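Worksheet: the structure to be examined is printed underneath.
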Amino acid sequence: MFVLVSCKHKANIPLEPAISFTEQVQPIIVNNCAQSKCHDGNGRSFSLINYSKIMHKVNPGNAANSRLYTSIIDRSMPPNSPLTDEQAKLIYTWIMQGAKNN
């Protein structure tokens, strides 16, 4: 008989400094995702033009179950030039901090 045990631990997400949606996250999304014929609200895809639209793809406190983040880390979005690791980490931390509109 085999018993499999997995090690699970929660990531230590810093609460400070708080990631600012307006100053840090929104510029990344607007400059990389909310482009013409992509996620600007005028194309065939969903819109990422403001906080309320972005939150349709975010599960606050759970980046692994947030479509916004999973699309970034599997490098499917943005299609022509993936975000940097630093940008992805910033969005991850913002989501894990509760994805606040701050």
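Express in nm, to one decimal, how much length is gained between S52 and N31 on full extension, taking 0.36 nm for each residue of separation and deducting their alpha carbon distance. Working shown, then result.
Working: separation 21, 0.36 × 21 = 7.56 nm, distance 1.73 nm.
That works out to 5.8 nm of additional length.
Counting pairs of alpha carbon atoms under 8 Å apart in space and at least six apart in sequence, what relative contact order in percent does segment 21-96 give?
Over segment 21-96, the number comes to 25 percent.
May I ask you to order 54-65, 71-82 by the average number of other C-beta atoms within 10 Å around their residues, highest value first? Mind dumping the intermediate values first?
Values: 54-65: 15.5, 71-82: 13.6.
In descending order of packing, they fall as 54-65, 71-82.
Taken together, the values in this text are just the output of simple stated rules run on the coordinates, not laboratory data. Quantities reported herein were computed from a predicted structural model and do not represent experimental measurements. Here the Cβ is made from the backbone with ideal geometry for all residues, glycine too, and neighbour counts use every protein chain on show.
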